[in-house]
Amino acid sequence: MTQRMIFIESPIFAREPELKSGGLSGLFPRPAPLALEIGCGIGDFIVQEAARRPEWNFVAIDIFNKGCLKTCSRVEKAGLTNVRVLRAEARWLLNHFVPREGLQAVYINCPDPWPKKRHRGRRLVSRTFLELLRCYLAPGAHFWFATDFRDYAEMVAEILPDVEGYLPQSSSPFTTDLGDYPVSKYMRRFLDAGQPIYLFHYRRAKQLSPDMLEPPGLEPGFRLRWLARENRRNRPRRQQGE
Ligand SMILES: C[S@@+](CC[C@H](N)C(=O)[O-])C[C@H]1O[C@@H](n2cnc3c(N)ncnc32)[C@H](O)[C@@H]1O
């Protein structure tokens, strides 16, 4: 899959060199609790969540260039100053630029479901991913995961209780009652079609043993290889030293 790259000029769009100098928190003028949305799509969710939590800083990431562009323009239109957008792969970003226990909340809404059995290994939320993410969640941090795909919900409901350090916030692993949780574009599409969204809300345990804060090595997932190739191909000429 090759994307047509549109150069994003928005002041809220961040690039890797900025991350290298100050990490995610360095992208913001003020220190504040930091939250991450993974796979922000076109930004509907982050605009709502950042507006209702002005005291937090938000980073919205997606590997989809056009989605980042649209997210930037929505955030700008909404006049929000507490959001930055990055074109990044989730595991790569966590591994390279997020301090251990640095995130107060992580949101993943309607990630690609990979419905075919042989493609399940491509799903973002897996045991290894949850073990990786755990290292970057602050004690008591929120983990939100919403999916429209029942099989994905069941898979995560089976895995999560086995991954130490995640505490459920309700008696069942997930709910279809969204309460005041903001609705993303994909969530809206399924809800309007009369289909449920399965919402998980967990919090990281206050105390973890030191070995649980050791990130597992990055698996060379196909998204990682693909994004590395894309980034090399699309680097502006001046960065390629030409
Ligand atoms: C089905 S869309 C959902 C978009 C949005 N969350 C919503 O609910 O409307 C999934 C999004 O996740 C992004 N994505 C998939 N894998 C990703 C990864 N490993 N890291 C970051 N973004 C990813 C895709 O590019 C896509 O925009």
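The values are calculated or read from the model by the stated rules, or taken from the named source; none is laboratory data. Note that the coordinates shown come from a computational prediction; the quantities given were computed from them, not determined experimentally. FYI the Cβ positions are ideal-geometry reconstructions off the backbone, even for glycines, and counts take in every protein chain you see.
Things worth noting here:
- Filtered residues of the range 158-186 (kept if touching a residue at least 24 places away in the same chain (Cβ under 8 Å), within 23 Å of Gln104 (Cα to Cα), not in a loop (DSSP other than H, G, I, E, B) and not charged (D, E, K, R)): Ile159, Leu160, Tyr166, Leu167, Pro168, Thr175
- Against the test of being more than 9 Å from the ligand (Cβ to nearest atom) and acidic (Asp, Glu), the options Glu16, Glu89 yield a single qualifying residue, Glu16.
- Selection of the range 103-141 for residues being surrounded by fewer than 19 Cβ atoms within 10 Å (Cβ to Cβ) and away from the ligand (no atom under 15 Å from the Cβ) yields Lys116, Lys117, Arg118, Arg127, Glu131, Ala138, Pro139, Gly140.
- Failed item, numbered, when Tyr202 is tested on (1) touching a residue at least 40 places away in the same chain (Cβ under 8 Å); (2) within 16 Å of the ligand (Cβ to nearest atom); (3) not in a helix (DSSP H, G or I): (2)
- Taking the numbered list (1) more than 13 Å from the ligand (Cβ to nearest atom); (2) crowded, with 20+ Cβ neighbours inside 10 Å in turn, Gln195 passes all entries but (2).
- Filter pass, Val59 being surrounded by 16 or more Cβ atoms within 10 Å (Cβ to Cβ), within 12 Å of the ligand (Cβ to nearest atom) and at negative phi: yes
- Restricted to the range 1-44, and to residues there that are in a helix (DSSP H, G or I) and of a type in the set (D, E, K, R), the residue that is surrounded by the most Cβ atoms within 10 Å (Cβ to Cβ) is Asp44.
- Pair list, Cβ under 6 Å, 6 or more apart: the range 72-98 residue among the acidic types (Asp, Glu), other residue near the ligand (Cβ under 9 Å from one of its atoms) and in a helix (DSSP H, G or I): Glu89/Arg223; Glu89/Leu224; Glu89/Leu227
- Any hit, the range 50-63, residues being farther than 26 Å from Arg100 by Cα, in contact with a Lys or Arg (Cβ under 7 Å, 6 or more places away or on another chain), assigned to a loop (DSSP other than H, G, I, E, B) and among the aliphatic types (A, V, I, L, M): no
- Checked against the criterion of being more than 11 Å from the ligand (Cβ to nearest atom) and assigned to a helix (DSSP H, G or I), the candidates Arg84, Arg74 yield just one match: Arg74.
- In the set (1) modelled with pLDDT of 95 or more; (2) of a type outside the set (Lys, Arg); (3) in contact with a Leu (Cβ under 7 Å, 6 or more places away or on another chain), the condition left unmet by Trp114 is number (3).
- The residue pairs whose first member lies in the range 113-126 and is at positive phi, whose second member is within 12 Å of the ligand (Cβ to nearest atom), and whose beta carbons are closer than 7 Å, counting only pairs six or more residues apart or on different chains, are Trp114/Arg122; Trp114/Arg123.
- Scanning the range 36-55 for residues that are under 16 Å from the mean Cα position of the chain (by Cα) and either away from the ligand (no atom under 14 Å from the Cβ) or over 20 Å from Met187 (Cα atoms) (or both) returns a single hit, Ala50.
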